[in-house]
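The values are calculated or read from the model by the stated rules, or taken from the named source; none is laboratory data. Please read all numbers here as calculations on a predicted model, not as lab measurements. Backbone-built Cβ (ideal geometry, glycine too); neighbour counts: all protein chains shown.
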C-alpha cells in the first residue's frame, strides 16, 4: 500500500515536470519575449488575487476515492492503471492533420533583423580599455582636495591619548584625503583602535564613535572626531592556577605577580605570565609551558575570575654535555666552559652563560645550547637533563686596528692579524704592528684562552719596539710569558690574578750626572711580575657603583755592569658612587715605589713617570717629576725656554689622585675632572710639590665601551708646561 502511494505521487511529479517543459518550449519558440533582468528591467505587475486562495485543488476525499483499491499483499503485482476518461478523445482526422508538413504562410513571418547586428565587430585594438575611475581614484590636479583636522575625546583620563595618536589612521593621513569617504573610513578604523586600547586597560564595555563635522568658514576643511566611552573598569576576582605539584608547593603562584582587585590590564597580565615562563626555568623547571588564560567577566560586579593552566614539566638537574654539528670544540674542551656541576638543580641562566661564553670565543657562526630530557630520575627525585650544544663553525681569522692621540705622546696607530684557532683548541697566533710619532714596533703573540679553566689565559709574547720620548729613547726586545685569570664582560669576577716573567734587553739614552749629559747604555732585565685585584664594581668597561683594589708587585734584576736586584710595587684604588641615574662620582688613588736600588741604576724605561691621559691630565706625557739639571743646557740655548727643553729623568716613586663627575644623557656624556700628583726621586712618595690639572671631557657610549675625548689644563704649571692638553682614546680614564 505504501509503495502504491509513492508510485501515484511519482506520476504527479512527472506530470508537473512535463508541464514545466511545455511552458519552457513555448517561451523558446516565441522570439523576443525573454524576461528583462537587472536594475533597468520593468517592474512586473503583480497577478490578480486567486479567488480560490489557499484551498486545495482537489479535495482530499475526492483524491482518496480516485485511488485504486490497494492489496494487502506487498508481493502482489501492480494493478494496471485505469484509462483516463477525462482526457479529450482525438479523432482520426486530427491525427492525420498532425502528421502533415507545415505549409508556408501558416506561421507569422520572423521579425526584421537590426542592420547594426549584421555589421562586422570592431577590432579589439580600437576599444578603450581604461577602467572606470571612482572619485577616490582621481589623483590629478582636478581631484577634490579634502583637508581635515582630527581630535580624540575621552582617552585623556586613561592616559591613552599619546598612544592613540601614535597609531591613529587619521593622524597617519596627515590631514589630507581624496574625499570624505576616505576620512570616514579612517575614522572607523580609529574607532576600533580606541576600543582596543581601552580594553587593554580592562574597560571591556568600551565603545567609540567617529563623526565628521564641517569647519565653518574654512572651505572644504572638515573635522574628524573620535569620541571614546570607556565604561566601567574590570578587576581581577579569584585567581586560580592549574598546575602539577611543584617544589616549593606555591612556586607557580608565587611567581605570578597578580592580586585580586588588580585592574585587568593586558600588559600587567601578560607580564605576569611571562614572569612565570622566566622564573621557573631558573628554579629547576626547564620545560615549563604557560597555557591560554581564561577570564570569566561578571557585568554585575565588574570582576573577572582568572584561570591559568601551567604545564611545569619535570623538576630537573644538570646532566652532561652533548654536541652535534660542525665540531669546533670536542667534549673535553666544551666541559671547560660550564659554571655548574652535574647533579646541580637546573638554572637556565647558567645554560645561557655557557652559550654566551662559547660565542665570545669568536669561532662560531652559530651556537645553540638546548636542554634534552633523559628520563633518568636521580635520588633527589629530579630528572637528569643533558645540554645539547649545536656548533656551526665560523671564520677564525680577523684583522683589527685602533688609533689614539695624546699631547706629549702623539698619534698612535695599531693593527693586528689574528688566527684565533691556529693551535686548537683556542690557540691563537697574533701578529701586531704599531706605528706612531714616538713609537714603532712589531710583535708576535701566542695566546691560549680557557686553558684548562674558563677565562684562564696563557700568553707568550716576542716583541721589538723603538720608543722616542722626552724621558728616554730606547730600542727594546722583549720575551715574556703570562698566566692570567681575568674578568670578562660575560663573567666579571670579584677576584682576578696574573703572574709571569719578562726577559728584556734594551739600549736606552740615559742622563749621566757624572758627565752632565745623556749617554747610551744597554740593560738586561729579568722580572717576575704579579698582580691581584678585588673588584666589586657593577661593570667592567663603564662602572657606576662599587670599588676596585689592585696590587702589583714585580721582583726584578737589572744587569748593567753588575747584577742589581730590586722590587717594583704599585697599589691602586678606584671607587664609583651613583648620585642619580645620570650622574656618577668616580675617584682614583694610586701610589708606587721602587726599592732596593738607586734610581740611576734603573733602566729609564722601568722608572716611574707622571703626566698624561692615564695619570695627571693637563701635563704632557711623562713630564711630571724630576728633570735634568739646568746645567745640562749648552750656552747656545740661553735664549730658549730652559724649563721646556729640560727632559724628565723619572723617579722611584709616585702618587696620583683623580676625581670625576660623569654625567650621562642618552649615548653621550660630559665629564668635568680634576687630577693631581707627582713623581719623586725617593723610594717612597712624600706628598710634596703636588701638581694639579683640571678639564672637561666628552663621552660617546658604544656597545664596546665609551669613546673618550678629554681637554685639560695645568692649574699650577711650571715654566714651559703647555697650557692645554688633549687626550683621545677608548674607555674611561679609570
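General observations
- Residue match in region 546-566 (condition: free of Cβ contacts under 8 Å to residues at least 40 places away in the same chain and in contact with a helix residue (DSSP H, G or I) (Cβ under 7 Å, 6 or more places away or on another chain)): yes
- Region 220-250, residues that are outside any loop (DSSP other than H, G, I, E, B) and within 30 Å of residue 288 (Cβ to Cβ): 235, 236, 237, 238, 239, 240, 241, 242
- Flag for residue 580 being modelled with pLDDT of 90 or more, in the same structural domain as residue 535 (by TED's automatic domain parsing) and within 30 Å of residue 537 (Cβ to Cβ): yes
- Yes/no for residue 224 being under 30 Å from residue 188 (Cβ atoms), touching a residue at least 24 places away in the same chain (Cβ under 8 Å) and within 27 Å of the chain's Cα centre (by Cα): no
- Within region 169-201, restricting attention to residues that are outside any helix (DSSP H, G or I) and in contact with a strand residue (DSSP E or B) (Cβ under 7 Å, 6 or more places away or on another chain), the residue that is modelled with the highest pLDDT is 201.
- Checking each residue in region 333-388 for being without any contact (Cβ under 8 Å) to a residue 12 or more places away in the chain and within 30 Å of residue 457 (Cβ to Cβ) picks out only 359.
- Selection of region 301-335 for residues being touching a helix residue (DSSP H, G or I) at 6+ places or on another chain (Cβ under 9 Å) and over 19 Å from residue 247 (Cβ atoms) yields 306, 308, 320, 321, 322, 323, 328, 329, 334.
- Residue in region 678-689 that is exposed (fewer than 15 other Cβ atoms within 10 Å of the Cβ), modelled with pLDDT of 95 or more and in contact with a strand residue (DSSP E or B) (Cβ under 8 Å, 6 or more places away or on another chain) present: no
- Residue list for region 399-413, restricted to those being surrounded by 16 or more Cβ atoms within 10 Å (Cβ to Cβ) and in a strand (DSSP E or B): 404, 405, 406, 412
- Candidates 396, 428 - the one that is without any contact (Cβ under 8 Å) to a residue 60 or more places away in the chain, more than 27 Å from residue 471 (Cβ to Cβ), surrounded by 16 or more Cβ atoms within 10 Å (Cβ to Cβ) and within 30 Å of the chain's Cα centre (by Cα): 396
- Strands (runs of 3 or more DSSP E) fully within region 455-563 that include at least 1 residues being within 45 Å of the chain's Cα centre (by Cα) and buried (at least 16 other Cβ atoms within 10 Å of the Cβ): 456-468, 473-485, 495-512, 530-535, 546-559.
- Selection status of residue 199, within 27 Å of residue 152 (Cα to Cα) and surrounded by 13 or more Cβ atoms within 10 Å (Cβ to Cβ): yes
- Among the residues of this structure, residue 496 does not count as one that is out of contact with any strand residue (DSSP E or B) (no Cβ under 6 Å at 6 or more places or on another chain) and either within 22 Å of residue 551 (Cα to Cα) or not assigned by TED's automatic domain parsing to the domain that holds residue 454 (or both).
- When residue 261 is tested against the conditions (1) part of a helix (DSSP H, G or I); (2) out of contact with any helix residue (DSSP H, G or I) (no Cβ under 6 Å at 6 or more places or on another chain), the lone failure is (1).
- Any chance residue 208 is within 34 Å of the chain's Cα centre (by Cα), over 25 Å from residue 276 (Cα atoms) and buried (at least 19 other Cβ atoms within 10 Å of the Cβ): no
- Reported count of residues in region 158-171, each being touching a residue at least 12 places away in the same chain (Cβ under 8 Å), over 11 Å from residue 226 (Cβ atoms) and surrounded by fewer than 17 Cβ atoms within 10 Å (Cβ to Cβ), is 2.
- A single member of 309, 286, 281 is in a strand (DSSP E or B) and modelled with pLDDT of 95 or more, and it is 309.
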